[in-house]
Structure formats: C-alpha cells, structure tokens
Amino acid sequence: MSSLQSDMQDYKDLLSKYLETKDEAILYQAEQFSKQSIQQNISPDEIVNVHYQALKEIYPDLHEQIEGSFKFLIETMISYGLAYQEHQVLREKQIELKSEIGVAANMQNTLLKTSVPKTHAIDIGVKSVPAKEMNGDYHHFIKDEQGNVGVAVADVIGKGIPAAFCMSMIKFAMESFSENQIYPQWILDSLNRVVSRNVEQGMFVTMFYGLYDVYTHQFYYASAGHEPCFILRNETKEFEEIDAKGLLLGVESAVKYEQLNTSIHEGDLIVLLTDGVTECRVDGRFIEQEEVLNIIKEHEHLNSQEIVEHVFKYFERLQDFQLRDDFTLVVMKRNSSLSV
Amino acid sequence: MKETVSSVVIKKEWDIVGARQAGRQLSQELGFGSVDQARIATAISELARNIYLYAKEGEISFEELYDLPKVGLKIVARDKGPGINDLSAVMQDGYSTSGGLGAGLPGVKRLMDEFDLVSDEEGTKVTAIKWARP
Ligand SMILES: Nc1ncnc2c1ncn2[C@@H]1O[C@H](COP(=O)(O)OP(=O)(O)O)[C@@H](O)[C@H]1O
Ligand SMILES: [Mg+2]
C-alpha cells in the first residue's frame, strides 16, 4: 500500500497546484498519473477516493454536503472497479489463449508442411494464407517415383481449431497411401472413408485432387464437392472450367468419385483454388470469379509463384488487408519444351 | 435503527437494504474507510440478492473480529435453498449472469479479503471477511 500512499501524495500536490494555477502542464501530468494508475491496476473507485482524501487535506473544512457527495460517488464507482478488475483478468486470459493458439498454429504449419515439387515439365506456384491464425484450407503435393505430380486443395467446412485437427488427419491419411496409388479417384474414395469414420457428423471437407502425368501431359482430376477449378488455355487465351461430380468428404462412407482427364498443352495454366478466393466479399458484394481469373490472365506471362503472389496482393488490398476467409491458390503451368 | 444488528433475515428485496445498512454501521464502527465501507456494502448486496433470487429465504449475519492489532468484519450468508451445483464454474470470472459486470460471487471474493463457499442440496453458506486497513 506504500506505493498508493506516495501516489496519493503526488495526486494531492498535483491537485493543489492545479487549483492554484489552472496550468495545462499539470493536466498533462494528471494524464500521466492516470496511465500509471492503470498500469498498477488501481481501480476507478480507488482514484475517486484518492481525490476525496486529497481534497479533504487541501480543504480541511470541506462542506459536509460535499463530503457526502463523495461517499455517494465512491459507492457508485465500486461496481466500475469490479468490472475493471474482471476485465483485467479476462484480458490476461485472452493473452494466454492467444499465445496458445499461436503455438498451435505454428504446430499446424509444421504438421501440414508440404514442399512444392520441382519438375522440368511444370512450374508450380502456391499461396495459402489463413484469415485467422489457424488455417482451414489445406494443400498438399506428392511426387511419385516416376516424377508425376499429385496436388490436393481442400477446405474444411467450419474453421479454427476443429478444422485444423481434421486437416492433420487428412494429411496423415494421405501420407500413408502408397506411392503408386495416386490416382485422384482412388485417393478421394479412400479419404472419404477415413473422414466419415473419424470425424463427427457435421464436419465436412471439400477437396479437389489432381494428378499431372509428366510423360503424357494428361491432367487427371476428381472433386469432392469442391469449387470448380480452371485451365487457362494458351491457344485460345480462354479459361476452361474443370469440375467432376462428387459428394463432400465425410457425408457418406460408400461414395465413388468420378475421375476425368484433360490434355495439357504447352503454356496452359491450371488453377486450383478454395472458395476464400472466389467468394471473397468486399463491402457486401462478392468478388466475381471472373475478377480472379482476369488477374491471373493479366499476369499469365509471369512465373507461377509470381502469379499467385499478384493475385493475393490484389485481394489483400481489396479487403483492406483483413482476409475474411482462408485463401489458397495453386497455379501450375506447363513449360514449353523449348525452355527446358 | 441505530443499534447494531448482528443478523438480518432476507425474504423480500427490501431486506437487502437492511442488510447493507447493518453491515455499513458495523464497518463504520470498526473504523473502515469510505471505500472499504462501500465495498463491504456491495458484497453484502451480492450475497443478499443471491439469497433473495435463488434460495428465496435466508439470513446474513455479522461478526466483529478482533485479532489485535487487526480488526475485521465477518459476513456469513446462509440459506436452505437448492444449493450451487458447479462451484468452480460459478467462481470463474465471466460466469455470472450479470456477464462482464464483474459482480457475482467472484466479485464478492475480490471485494473482501477472505472468502469461503460451501454448498450442497441442503443449502449454501458463504463466509467473507474484510480486515480494516490500519
Ligand atoms: N444462494 C444461492 N443458492 C443457490 N444458487 C445460487 C446461490 N448463489 C448463487 N447461486 C447460483 O450461482 C450462480 C452465480 O451466482 P453469482 O456469481 O452471484 O452471479 P449471478 O447471480 O449474476 O448469476 C447463480 O446464477 C445461481 O445459479
Ligand atoms: Mg448474484
């Protein structure tokens, strides 16, 4: 309590100087005093009392009515003091939680880490940014022994920590699949069984899975209720939607997914994304899918990583640098054989 | 109304005021400062309101403590109501239906120096002590 006593003396000195001089400099010191008091967890009722005591010392024969009014004020400030203290405790708890979530998010990043495969046939770019700390989107690359590239883009319906748990499960399931079973249909069939067996009802995952055959330049793909993806054809400079029929993962355990394929020509660009990209909302309006595609088209001449970075920067700015949804975009461009 | 009452029956909302008054008088006599008086009164309010709201009927009693040179006031709120199920939940900040007002039982604990809570299906007993600052 000694610090309160010395503060009390400071307060009294400030107050009496102010009453004499009405000096702005002293008001500034009063501001410092209040900040200091907050740092020392001194509650508002305490401050009112400090004022009351100081006043009594400065004016020993304070009017009885004034004294009474201060008692009244102190009484009404008690609840503010309590609310203030509770607020402090909840704030500390919040900081604690935040740092825990930070640790969890780091762990998620480590767990879900995937490296972009290097191959002469295609140039791959990827950008995945969570809206909050935990990412509810997921992407994953696999390269088989022959050098073919598998790519998954997924979105958990539901966000935050439960979504992150679900993603880790999917990743480990995918890693347990053997290297010669990387056809999209097989992968989605199997993942669907894992998800419906292990995840409680009401948690669903959409996934688009593609396999790029680097020898035949066929792109095989299947979709579990995911956003359609696109191919920007080099010849026509037009986007072609690619989509396949299939239920979300985890809805029903015995589902067969459709698998389709398409030829990829030199300079063609495959675009995989999550709805955080196509459904990003700005000032109440949804960004049209076309807008995304236009940005990609504008930067089509750049390399894949530069393209995804450009799209992300554009969106970040549109949304005032506060993403509303997780953003994941993968671009794969078939290199021209001359440039090899 | 000047005499020191050592226990107040809580039945009607109005009785809360009587309990506050009794507590204030005692705390004044024991030499508590104005902030502490106000804190004690607020704690009494919370306890008496809980009796009135959740147990319908009960009693707040006071005891002067002399552990010289310390003097203190002990408040006991007792009722034969339904009791409180999950004590640790109730004692957590933010649980009270007042939500964010910092009041409720955690508030009482904060306002006072010592706090104890016993409750079962037979009723609830809250004991709280405040020591006067010398
Ligand atoms: N004397 C009591 N008898 C039975 N239940 C009580 C009693 N006091 C408190 N409770 C229960 O504990 C809860 C928390 O009480 P409290 O912390 O005072 O907050 P609040 O009254 O604002 O809900 C109450 O909602 C009530 O369910
Ligand atoms: Mg209450």
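The values are calculated or read from the model by the stated rules, or taken from the named source; none is laboratory data. Values in this document were obtained by computation on a predicted structure and should not be read as measured data. So basically every Cβ, Gly included, is an ideal-geometry build from the backbone, and we count neighbours across all protein chains shown. With ligands, DNA and RNA removed, areas are computed over all heavy atoms of the protein, side chains included. Shrake-Rupley method; radii C 1.70, N 1.55, O 1.52, S 1.80 Å.
Before moving on, here are some points about what is shown:
- Scanning the range A:54-73 for residues that are open to solvent by 50 Å² or more (accessible area, probe 1.4 Å), facing chain B (nearest Cβ under 10 Å) and in contact with a helix residue (DSSP H, G or I) (Cβ under 7 Å, 6 or more places away or on another chain) returns A:Lys71, A:Leu73.
- Condition met for B:Phe32 (assigned to a loop (DSSP other than H, G, I, E, B), more than 9 Å from ligand 1 (Cβ to nearest atom), modelled with pLDDT of 90 or more and crowded, with 16+ Cβ neighbours inside 10 Å): yes
- Per the listing A:Val214, A:Val194, the residue uniquely buried (at least 18 other Cβ atoms within 10 Å of the Cβ) and over 29 Å from A:Thr119 (Cα atoms) is A:Val194.
- Scanning the range A:119-147 for residues that are of a type in the set (Val, Ile, Thr), open to solvent by 20 Å² or more (accessible area, probe 1.4 Å) and either part of a strand (DSSP E or B) or within 30 Å of A:Lys98 (Cβ to Cβ) (or both) yields a total of 3.
- Residue within the range B:96-111 that is more than 14 Å from every other protein chain (Cβ to nearest Cβ), open to solvent by 50 Å² or more (accessible area, probe 1.4 Å) and more than 11 Å from ligand 1 (Cβ to nearest atom) present: no
Conditions tested, residue by residue: (1) open to solvent by 50 Å² or more (accessible area, probe 1.4 Å); (2) in a helix (DSSP H, G or I); (3) in the same structural domain as A:Thr76 (by TED's automatic domain parsing).
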position: A:Leu15; (1), (2), (3): no, yes, yes
position: A:Tyr18; (1), (2), (3): yes, yes, yes
position: A:Leu27; (1), (2), (3): yes, yes, yes
position: A:Ala30; (1), (2), (3): no, yes, yes
position: A:Ser37; (1), (2), (3): no, yes, yes
position: A:Asn41; (1), (2), (3): yes, no, yes
position: A:Asp45; (1), (2), (3): no, yes, yes
position: A:Val48; (1), (2), (3): no, yes, yes
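- Where B:Ser119 falls short, out of the listed (1) more than 19 Å from A:Phe72 (Cα to Cα); (2) under 14 Å from the mean Cα position of the chain (by Cα); (3) open to solvent by less than 30 Å² (accessible area, probe 1.4 Å): (2)
- Residue that is nearest to A:Leu82 (Cα to Cα) [pool: residues in the range B:52-106 that are away from ligand 2 (no atom under 13 Å from the Cβ) and among the hydroxyl-bearing types (Ser, Thr, Tyr)]: B:Ser88
- Residue among B:Glu13, B:Glu57 that alone is surrounded by fewer than 20 Cβ atoms within 10 Å (Cβ to Cβ), closer than 20 Å to B:Lys125 by Cβ, more than 14 Å from every other protein chain (Cβ to nearest Cβ) and in contact with a helix residue (DSSP H, G or I) (Cβ under 9 Å, 6 or more places away or on another chain): B:Glu57
- Scanning the range A:75-121 for residues being more than 20 Å from B:Ala103 (Cβ to Cβ) and of a type in the set (A, V, I, L, M) gives a total of 11.
- Lone qualifier among A:Glu100, A:Glu92 - being exposed (fewer than 12 other Cβ atoms within 10 Å of the Cβ) and either within 14 Å of another protein chain (Cβ to nearest Cβ) or in contact with an Asp or Glu (Cβ under 7 Å, 6 or more places away or on another chain) (or both): A:Glu92
- Among the residues examined, A:Ala104 qualifies as small (Gly, Ala, Ser) and out of contact with any Lys or Arg (no Cβ under 9 Å at 6 or more places or on another chain).
- Condition check for B:Val126: of a type in the set (Val, Ile, Thr), more than 14 Å from chain A (Cβ to nearest Cβ) and more than 9 Å from ligand 1 (Cβ to nearest atom): no
- Of all residues in the range B:84-95 being open to solvent by 50 Å² or more (accessible area, probe 1.4 Å) and assigned to a helix (DSSP H, G or I), the one that is farthest from the other protein chains (Cβ to nearest Cβ): B:Leu87
- Taking the numbered list (1) open to solvent by less than 50 Å² (accessible area, probe 1.4 Å); (2) within 14 Å of ligand 1 (Cβ to nearest atom); (3) of a type in the set (Lys, Arg) in turn, B:Arg39 passes all entries but (2).
- Flag for B:Lys109 being away from ligand 2 (no atom under 16 Å from the Cβ) and among the charged types (D, E, K, R): no
- Verdict on B:Lys70 being at pLDDT below 95, of a type in the set (Lys, Arg), more than 10 Å from ligand 1 (Cβ to nearest atom) and touching a strand residue (DSSP E or B) at 6+ places or on another chain (Cβ under 9 Å): yes
- Only one of A:Glu241, A:Glu200 that is charged (D, E, K, R), part of a strand (DSSP E or B) and modelled with pLDDT under 95: A:Glu241
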